[in-house]
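**Q** Dropping the structure in here first, questions after.
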């Protein structure tokens with residue numbers, strides 16, 4: 001007699017039950033279905049209709065996947081509900097931490113005069129656009145009110161190295177306070193590296209400060225995007241990069257690119273430049289609609305379709321590089337893939353719901369104004385003060401964090417109750433982006449059917465799913481990107 | 001000249017909300033006038049001034065697919081709402097949002 005029961009004993013005669021999920025059309029007759037925690041499957045239209053009618057046979061190849069990914073269950077099963085709840089809680093666990101990223105705009109002065117710059121440019125010597133140490137103390141009071149055990153302080157400008165005394169002051173004061181607070185404290189300086197000195201590097205080394213710099217591509221493109229007296233932005237960047245890596249280590253210097261219309265035909269060259277300079281990845285960013293980008297109408301000529309071509313061409317090239325044995329990551333894709341393929345949320349502010357404005361990141365401007373996000377202060381520099389939450393000199397932490405401006409924006413843009421978004425299968429991967437939609441539509445919710453943010457992201461989500469389906473080696477690579485630390 | 005199309009949906013099979021949601025999704029291409037006439041739902045789709053005829057026709061085709069999709073989504077949502085609420089309840093029942101608790 002066999003020790004095991006026959007297969008019949010494990011066959012259920014009861015019908016399955018549907019668990020909550022959403023669906024959207026892909027190419028042709030195919031659909032993507034996603035559950036509450038972002039796990040997805042691709043199904044053909046006839047299969048979707050059979051699934052919804054609860055007539056899918058247990059022998060169907062999809063059946064086991066649907067059960068494993070919690071799209072269906074038998075009525076007596078509790079485990080799928082517990083697992084979905086656990087994954088949902090994991091994805092949203094960042095909310096209990098509250099604000100982590102605190103941006104200090106230590107000066108608006110800059111040695112560059114980039115035409116797309118998102119904040120007003122001021123003369124190098126004009127100190128009235130500098131943050132003072134008194135202001136910095138007030139901002140630090142605010143920072144340590146955040147309950148988050150991990151606090152990141154990022155210095156921005158202008159060029160923050162033009163007010164390095166305040167950078168130094170904030171780092172030292174924060175570390176003194178942290179002897180009692182015992183937070184996981186991290187510092188970042190966003191700099192072009194053009195004014196980097198040995199003293200600055202020695203300080204960064206002593207305090208374990210990370211440098212976040214800018215690289216737009218080959219020298220001619222970088223210099224065209226980033227004019228400065230002497231027309232030597234790229235040369236200064238390259239020299240500064242070598243020096244910084246030498247003192248701080250390769251992993252302590254990262255680079256971000258700004259995409260302009262000049263970048264669009266040159267994505268391969270841009271990626272090659274990143275590879276040549278030893279970076280292990282690139283963030284192929286869309287142009288933001290803020291600041292001078294709108295004023296100079298650059299944004300208006302900037303076509304989302306054209307940017308998507310740029311992005312897809314770049315991603316295809318990066319896949320080629322990886323297949324040729326050069327490990328290289330596209331960071332925007334990796335953020336999305338983390339949402340698609342794991343239960344973790346990477347905490348990227350643009351792709352958060354509820355929106356990350358104020359509750360994931362907050363900005364202290366040089367004059368004490370507090371903004372819900374970096375984009376909010378860019379908007380303010382254009383004369384729109386909608387997302388100015390208050391001033392650290394006159395308003396308390398509670399006044400600012402519980403302000404109607406912030407709470408209304410978070411509530412009204414919440415994607416699970418937003419038209420179109422609430423039914424969208426890609427909602428678990430997307431974000432609310434109230435500041436972007438306000439900038440374009442003068443409404444934090446915006447009309448998603450006409451939103452370039454929606455069009456751009458939907459297209460990327462579908463593209464990534466298509467790439468994973470078309471090639472198992474790409475899927476394996478994407479799994480690595482999603483699970484990288 | 002902007003495109004113009006009239007469609008009729010059977011009110012016993014389709015809800016007005018599903019049609020409205022599909023129209024919202026297509027607002028980049030056309031606007032919708034909706035009228036209930038007995039068991040029928042009458043839709044007049046008026047192309048935006050900026051929508052070329054070919055793009056309008058494509059958008060109408062997508063709209064017809066979307067109406068069916070939104071109808072199915074509505075049924076799925078009604079059917080799974082109690083479980084969704086149960087899962088959310090389980091997820092946050094012990095969230096310890098207040099560290100003093």
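Every number in this text was worked out from the coordinates using simple rules, so none of it is lab data. Quick caveat: nothing in here was measured; it's all calculated off a predicted structure. Note: ideal-geometry Cβ built from the backbone for every residue, glycine included; neighbour counts use all protein chains shown.
**Q** Quick one: the Cα spread of the range A:312-464 along its three principal axes, in angstroms, biggest first?
**A** Over the range A:312-464, Cα extents along the principal axes are 57, 34, 31 Å.
**Q** Still on this structure: Could you work out how far helix A:331-341 tilts from the main Cα principal axis of chain A, as a 0 to 90 degree angle to the nearest 10?
**A** The helix A:331-341 is inclined about 30 degrees to chain A.
**Q** Can you tell me what share of the DSSP beta bridges in the protein assembly as shown is antiparallel? A percent to the nearest 5 is fine.
**A** Bridges in the protein assembly as shown that DSSP calls antiparallel: roughly 55 percent.
**Q** Round to the nearest 10 and give me the degree value, 0 to 90, for the angle of helix A:133-143's Cα axis relative to the longest principal axis of chain A.
**A** The angle comes out near 10 degrees.
**Q** Based on Cα positions only, what radius of gyration and what Dmax would you give for the range B:4-92, in angstroms?
**A** Both quantities, over Cα of the range B:4-92: 15.9, 51 Å.
**Q** Can I ask one more? So if the hydrodynamic radius of the range A:414-470 is defined as the Kirkwood radius over C-alpha pairs, what does Stokes-Einstein give as its diffusion coefficient at 10 °C and 1.306 mPa s, in µm² per second?
**A** Rounded to a whole number, D works out at 135 µm²/s.
**Q** Contour minus end-to-end for residue A:416 and residue A:324, with contour as 0.36 nm per residue of separation and end-to-end as the Cα-Cα distance? Could the numbers behind the result be given before it?
**A** Working: separation 92, 0.36 × 92 = 33.12 nm, distance 4.16 nm.
This chain segment gains 29.0 nm when fully extended.
**Q** A further question follows. Calculate the mean, over all residues of peptide A:40-49, of how many other protein chain Cβ atoms lie within 10 angstrom of the residue's Cβ.
**A** On the way: counts 0, 0, 0, 0, 0, 3, 0, 0, 2, 2.
Across the residues of A:40-49, the mean count of other-chain Cβ atoms within 10 Å is 1.
**Q** Please compute the average number of Cβ atoms from other chains found within 10 Å of each residue's Cβ in peptide A:18-25.
**A** 5
**Q** If you don't mind, there's one more thing I want to ask. Cα centroid distance between the range A:228-253 and the range A:45-105, in Å?
**A** Comparing the Cα centres of the range A:228-253 and the range A:45-105, I get a distance of 46 Å.
**Q** In peptide A:74-82, how many Cβ atoms from other protein chains are near each Cβ within 10 Å, on average?
**A** Average neighbour count from other chains, rounded to a whole number: 1.
**Q** If I model a spin label at residue A:219 and residue A:68 as a point 7 Å from the Cα along the Cα→Cβ vector, what separation in nanometres do I get?
**A** Reported label-point gap for residue A:219 and residue A:68 is 5.3 nm.
**Q** Can you tell me, using C-alpha contacts under 8 Å and at least 6 residues apart, the relative contact order of the range A:22-119 as a whole percent? All intermediate terms of the calculation are to be shown ahead of the outcome.
**A** Working: 57 pairs, mean separation 16.4, N = 98.
Normalised by residue count, the contact order of the range A:22-119 is 17 percent.
**Q** Kindly rank A:469-478, A:375-384 from highest to lowest mean number of other beta carbons found within 10 Å of each residue.
**A** So the peptides A:469-478, A:375-384, ranked by packing, come out A:375-384, A:469-478.
**Q** Next question. Would you work out the relative contact order for the range B:4-92, in percent, from Cα pairs under 8 angstrom that are 6 or more residues apart?
**A** 32
**Q** Under 4 °C and 1.567 mPa s, how fast does the range A:14-91 diffuse according to Stokes-Einstein, given a Kirkwood radius computed over C-alpha pairs? Answer in µm²/s, whole number.
**A** 100
**Q** Taking the Cβ-Cβ separation of residue A:30 and residue A:399 as r and a Förster radius of 60 Å, what is the calculated FRET efficiency to the nearest 0.05?
**A** Once the sixth-power term is evaluated, E becomes 0.75.
**Q** Per residue and in cubic angstrom, what volume does the convex hull of the Cα atoms of the range A:146-238 have?
**A** Dividing the Cα hull volume of the range A:146-238 by its residues yields 110 Å³.
**Q** Starting with the highest mean, order A:163-174, A:320-331 by the number of other Cβ atoms within 10 Å, averaged over the residues of each peptide. Don't skip to the end; give the middle numbers.
**A** Details: A:163-174: 19.3, A:320-331: 14.1.
Averaged packing, sorted descending, gives the order A:163-174, A:320-331.
**Q** Another one. If I model a spin label as a point 7 Å beyond the Cα along the Cα-Cβ vector, how far apart are those points for residue B:62 and residue A:92 in nm?
**A** The two pseudo-label positions are separated by 3.1 nm.
**Q** At what distance in nm do the modelled label points of residue A:232 and residue B:20 sit from each other, each positioned 7 Å from its Cα along Cα→Cβ?
**A** Reported label-point gap for residue A:232 and residue B:20 is 6.5 nm.
**Q** How high is the relative contact order of chain A, in percent, with contacts defined as C-alpha pairs under 8 Å that are six or more residues apart?
**A** 15
**Q** Given the range A:94-401, what percent of its DSSP beta bridges are antiparallel, to the nearest 5?
**A** 20
**Q** At R0 = 35 Å, how high is the FRET efficiency between residue B:4 and residue A:304 if r is their beta carbon distance? Nearest 0.05 is fine.
**A** About 0.80, to the nearest 0.05.
**Q** If you project the alpha carbons of chain A onto their three principal axes, what span does each projection cover, largest first, in Å?
**A** On the principal axes, chain A reaches 87, 50, 48 Å in Cα extent.
**Q** Right, next: May I ask you to order B:26-37, A:85-96 by the average number of other C-beta atoms within 10 Å around their residues, highest value first?
**A** Result, highest mean Cβ count within 10 Å first: A:85-96, B:26-37.
**Q** Here's a follow-up. If I stretch the segment between residue A:272 and residue A:17 completely, what's the gain in nm (0.36 nm per residue apart, minus their alpha carbon distance), one decimal? Walk me through the intermediate numbers first.
**A** On the way: separation 255, 0.36 × 255 = 91.80 nm, distance 5.11 nm.
So the chain would gain 86.7 nm between residue A:272 and residue A:17.
**Q** Also, quick follow-up: Want the number for residue A:133 to residue A:79: 0.36 nm per residue separation, take away the alpha-carbon distance, what's left?
**A** Once the chain is fully extended between residue A:133 and residue A:79, it gains 13.9 nm.
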